[in-house]
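Read the structure below first, then the notes.
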Amino acid sequence: MVNVVTVGLDIAKSVFQVHGVDVVGEVAIRRQLRRAQVLPFFAKLPACLIGIEACATAHYWARELGALGHQVKLIPPSYVKPYVKRQKNDAADAEAICEAVTRPTMRFVEAKSPEQQSVMVLHKVRLTLMRQRIQLSNTIRGHMAEFGLVAPIGREGLQQLIKLVEESDPRVPDEARVCLAFLVAQLQLVNLQILETDRRIRTSARSTEVGRRLMSIPGVGPLLASALVATVANPTAFRSGRNLAAWIGLVPKQNSSGGKDRLGGITKQGDRYLRQLLVVGASAVVRYAERNGTRRPWLVQLLAKRPTKVATVALANKIARIAWAIMTSGESYREPEPAAA
């Protein structure tokens, strides 16, 4: 064990697989560990390089093992897969991680702090609550439609149906009304919880100097600013704004060969949540530009040549690049100067 220099750790809920090699690449350790054995085992090892797939609980283990003096690197699972030689099992995965972590061109995921993960918990809980609100709203509408009670789309229409339930409308049988009242009460509670999460996210975005500077970008509100600060643990890990946009999945998919460039739609790789927020923010900017005009000649020309959705995604890419520049430079957003006549 004293000769181990690189370890691949395949993490799980209860059973962990360890694969360690020495300085010449010979296998020195290959064994399973129970969850309670992981930290005591690595506490006895000399400081070494540990590779872990960036999946559930990976950031926790990166912090814990790093505190023991080891160098821990998180690898995207899709980058580990090519190093699996044959078959799929924990031992093969740990060996693949051990090999992948030593590659000089490998890309890694920055480990998040507990504070950053706490903010992301807030965002994920809000997403869950939003889905629950949609489910409850659709359930109420569906059951009321069975009695011939249909309302217009939107909050006002839903409130009309809720009012019929609360006022014990005779068209709704008593048995159904009692059950629908349960759903109405649950929907009201979910709405209150969403408002509370929104308040906490606004506070989170305004509590950091980086978050306040990010909110100066058109199309970036408290939700996106907070998510960027919490998700992009180390913006300098990206060499350019384009790298950040590519990591989020806002660059064209390539299928090029023989010197011929073939570009398709966006890759949709990377962080789906950030990509969604960026596109929503860009959509707001595009709608405002179409209704009220804009001083950005780049956006005006793009909207004239391309469909609105294509222009929106292109603007989302640009916002991601601007966000990277602001996070790495320490500067605030400056509106582009209009071109001289």
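The values are calculated or read from the model by the stated rules, or taken from the named source; none is laboratory data. As the structure is a prediction and not an experimental result, all values here were calculated from the model. Cβ coordinates were reconstructed from backbone atoms using ideal geometry, including for glycine residues, and neighbour counts include every protein chain displayed. Heavy atoms of the whole protein, side chains included, go into the accessibility calculation; ligands, DNA and RNA do not. Shrake-Rupley method; radii C 1.70, N 1.55, O 1.52, S 1.80 Å.
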Which one is right for this structure if mean projected area of the Cα convex hull in nm² is calculated from it: (i) 21.0; (ii) 23.6; (iii) 25.5? (iii)
A correct Karplus calculation of ³J(HN,Hα) over the range 259-265, with 6.51 cos²θ - 1.76 cosθ + 1.60, θ = phi - 60°, whole Hz and x for Gly and Pro, returns x, 9, 8, 10, 10, x, x
Roll a 1.4 Å probe over the protein heavy atoms and report the accessible area of residue 60 in Å², nearest 10. 80
If unit charges are put on Cβ atoms (+1 for Lys and Arg, -1 for Asp and Glu) and the dipole of the chain is taken about its Cα centre, the option from 315, 20, 71 lying farthest towards the positive end turns out to be 315
Scalar couplings 3J(HN,Hα) for the range 189-198 by Karplus 6.51 cos²θ - 1.76 cosθ + 1.60 (θ = phi - 60°), nearest whole Hz, x for Gly and Pro, are 5, 4, 4, 5, 5, 5, 4, 5, 5, 4
Could you list which residues have their amide H under 5 Å from that of residue 50, counting only those 5 or more apart in sequence or on another chain, with H placed in the peptide plane? 7, 71, 72, 73
Taking amide H positions as placed 1.01 Å from N in the peptide plane, with prolines and chain starts having none, which residues 5 or more places from residue 253, or on another chain, fall under 5 Å of its amide H? 264, 265, 266, 267
Local electrostatic count, residue 197, Cβ distance below 12 Å [Lys/Arg +1, Asp/Glu -1]: +4
Would you please give the residues with an amide H less than 5 Å from that of residue 30, counting only those at least 5 places away or on a separate chain, with H modeled from the backbone geometry? 20
What ranking of 144, 106 comes out by heavy-atom accessible area, probe 1.4 Å, highest first? 106, 144
Whether the range 1-92 is rounded, prolate or oblate, judged on the alpha carbon gyration tensor where a/c under 1.5 counts as rounded: rounded
With every protein chain in place, what's the accessible area of residue 166 (1.4 Å probe, Å², nearest 10)? 120
Summed residue charge, Cβ within 10 Å of residue 19's Cβ, Lys/Arg positive, Asp/Glu negative: -3
Residues with beta-carbon under 15 Å from that of residue 307, excluding residue 307: net charge, scoring Lys, Arg +1 and Asp, Glu -1? +3
Mind pulling the angle between the C-alpha long axis of helix 114-145 and the longest principal axis of the chain? Nearest 10 degrees, somewhere in 0 to 90. 40
Nearest 20 debye, what's the magnitude of the dipole of the chain about its Cα centre given +1 on Lys and Arg Cβ and -1 on Asp and Glu Cβ? 920
Per-residue accessible area for residue 108 at 1.4 Å probe radius, Å² rounded to 10? 70
